[in-house]
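Engineer: I'd like to ask some things about the structure below.
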Amino acid sequence: MVTRRLVSVGMSDREQRNSNTRASLTKLFAISLVTALVGVFAVNSADADTPERRHVEVLELKVQNDQYAYTDLDPKGPSLGDAYVYSGTAIEDGRSVGRGGGSCQVIHINGEELTTQCLITMELNRGSLTMQSLWVSGTSQLDMAITGGTGDFSNARGTVRYWDIATPNERGRAEILH
């Protein structure tokens with residue numbers, strides 16, 4: 001009598017196996033779904049900020065410097081903290097497209113070689129760009145990191161290369177990632 005009762009109340013071996021199989025398949029499906037979703041989110045977030053997905057804007061500009069000052073701190077002559085301050089106009093295709101300026105402060109001296117930290121802000125019609133880098137005074141080429149901006153350039157990154165610095169032929173090429 002007891003045996004019959006257990007068999008009729010409990011599950012048969014086949015029903016037990018089917019139940020276990022369903023539970024295993026459900027778990028496998030849930031794990032597969034979660035794994036797939038994590039993979040999709042990981043790929044999307046990894047690709048979200050790659051240069052291939054961003055727009056690159058190139059500006060070729062001539063720089064016409066108009067004001068320049070050198071602050072010589074004590075002791076007289078090149079020393080830490082001395083600074084160059086300058087401003088000028090950005091020219092594209094013979095017309096003014098913006099103004100800018102910045103400063104370079106001496107941060108390291110090695111004989112005649114002065115290393116400066118430079119900051120520049122260039123204001124254009126669509127917003128401003130900010131740039132920063134180290135520069136060894138007297139070198140004719142400088143690469144600056146675009147560290148941000150305003151307006152259309154509020155999320156800008158990229159680089160600006162300057163040539164013939166502090167000469168009448170000074171020019172720059174900005175590669176702006178939007």
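The values are calculated or read from the model by the stated rules, or taken from the named source; none is laboratory data. Computed from a predicted model, the values in this text were never measured in an experiment. In this analysis, Cβ positions are derived from the backbone assuming ideal geometry, glycine residues included, and neighbour counts consider all displayed protein chains. For accessibility, only protein heavy atoms count, side chains too; no ligands or nucleic acids. Shrake-Rupley method; radii C 1.70, N 1.55, O 1.52, S 1.80 Å.
Engineer: Taking H placed 1.01 Å from N in the peptide plane, check which residues at least 5 places from Gly149 or on another chain put their amide H under 5 Å from its amide H.
Structural biologist: Correct list: Thr130, Ala156.
Engineer: Another question, if that's okay. How much net charge surrounds Glu170 when only the other residues with a Cβ under 13 Å from the Cβ of Glu170 are counted, with Lys and Arg +1 and Asp and Glu -1?
Structural biologist: Working: positive: Lys62, Arg161, Arg171, Arg173; negative: Glu60, Asp66, Asp164.
Spelling it out: positives minus negatives among the neighbours equals +1.
Engineer: Does segment 73-133 come out rounded, prolate or oblate, given a ≥ b ≥ c as the square roots of the eigenvalues of its C-alpha gyration tensor, rounded meaning a/c under 1.5 and, failing that, prolate meaning a/b above b/c?
Structural biologist: Prolate, since a/c reaches 1.5 and a/b exceeds b/c.
Engineer: Also: Net charge near Arg126, counting Lys/Arg +1 and Asp/Glu -1 over other residues with Cβ under 11 Å of its Cβ?
Structural biologist: Result for the neighbourhood of Arg126: -3.
Engineer: Return one whole number: the accessible area per residue of segment 52-178 in Å², for a 1.4 Å probe.
Structural biologist: Per-residue accessible area for segment 52-178 comes out at 58 Å².
Engineer: If amide H atoms are built 1.01 Å from N in the plane of the peptide, which residues on other chains or at least 5 residues away come under 5 Å of the amide H of Leu124?
Structural biologist: HN-HN under 5 Å from Leu124: Leu129.
Engineer: How many angstrom separate the Cα center of segment 51-103 from the Cα center of segment 108-133?
Structural biologist: Here the two parts' Cα centres lie 7 Å apart.
Engineer: So, R0 is 25 Å and r is the distance between the beta-carbons of Asn125 and Thr159; what FRET efficiency does that work out to, to 0.05? Don't skip to the end; give the middle numbers.
Structural biologist: Details: r = 21 Å, r/R0 = 0.85.
Rounded to the nearest 0.05, the efficiency is 0.70.
Engineer: Within 10 Å of each candidate Cβ there may be at most 10 other Cβ atoms; applying that plus a DSSP loop requirement, which GluC sites (Glu not before Pro) in segment 92-127 survive?
Structural biologist: Here the GluC sites (Glu not before Pro) that fit, given the DSSP loop and packing criteria, are Glu112.
Engineer: Could you give each residue of segment 164-178 its phi-based ³J(HN,Hα) in whole Hz, using Karplus coefficients 6.51, -1.76, 1.60 with θ = phi - 60°, and x for Gly or Pro?
Structural biologist: 6, 4, 6, 10, x, 9, 4, 8, x, 10, 9, 10, 9, 8, 9
Engineer: OK, next. Within a Cβ distance under 12 Å of Asp143, other residues only, what is the Lys/Arg minus Asp/Glu net charge?
Structural biologist: +1
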